[in-house]
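J.: So that we are looking at the same thing, I have put the structure below in structure tokens.
The values are calculated or read from the model by the stated rules, or taken from the named source; none is laboratory data. No experiment lies behind these values; they were computed from the predicted model shown. Neighbour counts run over all protein chains shown; Cβ positions are idealised from the backbone, glycine included. For accessibility, only protein heavy atoms count, side chains too; no ligands or nucleic acids. Shrake-Rupley method; radii C 1.70, N 1.55, O 1.52, S 1.80 Å.
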Amino acid sequence: MSRRESPPPSPPPPPPPQLLGGVQRGEDRPERAEPLTDAEREIIQDTWGLVYKNCEDVGVSVLIRFFVNFPSAKQYFSQFQDMEDPEEMERSSQLRHHARRVMNAINTVVENLHDPEKVSAVLALVGKAHAIKHKVEPMYFKILSGVLLEVFAEDFPEFFTAEVQMVWTKLMGAVYWHVTGAYTEVGWLQVSSSAV
């Protein structure tokens, strides 16, 4: 064969990136966040008590903002994936039910901050269910965390000061770390088209 007939040898293609919500898997996984101090746990529990009094309404506000600002997240919810109108979402019993589930999961984490093993177990269950059963891209946990903090700061400005927001950001980072760990454990390899 002449040189023109055979393709030049090419180096093997690099392996595809295996991302977890923008974080590479394996050795590139971020370091585990610093554990919360006693004072930080107290700040979270005190402020959460105020939020949780209105858990359903706050949860609905969070999910509506999440779905309005990140409509691609609705693909995982057949019950309300076609809803565009925030008022329609607010009236949806399925959305209200899911909002309660989200807020109750956060409540379980906050109530058990003194017990890291329990928190880890709860978040592992959440992560595995979302990876295996619901097949939700893990980046949505990071996005939802940001929306939660936004809504908390807007709805409770007198309590969610800059210091409190930093502590909650630290907690949400730990939640994300645990959830993505569960995704890794079950062998999540899918690359998000929106993360590439």
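J.: Mind listing whichever residues of the stretch 79-101 are closer than 16 Å to residue 151 by Cβ and open to solvent by 30 Å² or more (accessible area, probe 1.4 Å)?
T.: Those that are closer than 16 Å to residue 151 by Cβ and open to solvent by 30 Å² or more (accessible area, probe 1.4 Å): 86, 90, 96, 98, 100.
J.: Give the residues of the stretch 102-116 that are part of a helix (DSSP H, G or I) and modelled with pLDDT of 95 or more, sorted by residue number.
T.: Residues satisfying the conditions are 102, 103, 104, 105, 106, 107, 108, 109, 110, 111.
J.: Consider the stretch 115-170. How many of its residues are among the aliphatic types (A, V, I, L, M) and either free of Cβ contacts under 8 Å to residues at least 40 places away in the same chain or open to solvent by 60 Å² or more (accessible area, probe 1.4 Å) (or both)?
T.: Selection size over the stretch 115-170: 9.
J.: Would you call residue 65 under 16 Å from the mean Cα position of the chain (by Cα) and outside any loop (DSSP other than H, G, I, E, B)?
T.: So residue 65 passes the test.
J.: On to the next question. Is it true that residue 80 is more than 17 Å from residue 172 (Cβ to Cβ), at pLDDT below 95 and not hydroxyl-bearing (Ser, Thr, Tyr)?
T.: yes
J.: What pairs come up if the first residue lies in the stretch 67-78 and is open to solvent by 40 Å² or more (accessible area, probe 1.4 Å), the second is assigned to a loop (DSSP other than H, G, I, E, B) and of a type in the set (A, V, I, L, M), and their beta carbons are under 6 Å apart, counting only those six or more places apart or on different chains?
T.: 76/136
J.: Going by what's in this entry, would residue 126 be described as among the aliphatic types (A, V, I, L, M) and assigned to a helix (DSSP H, G or I)?
T.: Taking the combined requirement at face value, the residue satisfies it.
J.: Criterion first (β-branched (Val, Ile, Thr), surrounded by fewer than 18 Cβ atoms within 10 Å (Cβ to Cβ) and either closer than 17 Å to residue 182 by Cβ or under 16 Å from the mean Cα position of the chain (by Cα) (or both)) does residue 106 satisfy it?
T.: No, not satisfied.
J.: Please work out which residue is farthest from the chain's Cα centre (by Cα), limiting yourself to the stretch 129-174 and to residues that are β-branched (Val, Ile, Thr) and not in a loop (DSSP other than H, G, I, E, B).
T.: Looking at residues that are β-branched (Val, Ile, Thr) and not in a loop (DSSP other than H, G, I, E, B), I get 164.
J.: Just checking, which of 30, 16, 35 is at pLDDT below 65 and loosely packed, with under 12 Cβ neighbours inside 10 Å?
T.: Going through 30, 16, 35 in turn, the sole match is 16.
J.: Does any residue in the stretch 33-45 that is part of a loop (DSSP other than H, G, I, E, B) come within less than 7 Å, Cβ to Cβ, of a residue that is open to solvent by 40 Å² or more (accessible area, probe 1.4 Å) and of a type in the set (Phe, Trp, Tyr) six or more places away or on a different chain, and which pairs are these?
T.: Sorted first by the residue in the stretch 33-45, then by its partner, the pairs are 33/177.
J.: Applying the selection to the stretch 113-143, what residues are of a type in the set (Lys, Arg) and in contact with a Gly (Cβ under 8 Å, 6 or more places away or on another chain)?
T.: Once the filter is applied, which keeps residues that are of a type in the set (Lys, Arg) and in contact with a Gly (Cβ under 8 Å, 6 or more places away or on another chain), the stretch 113-143 yields only 142.
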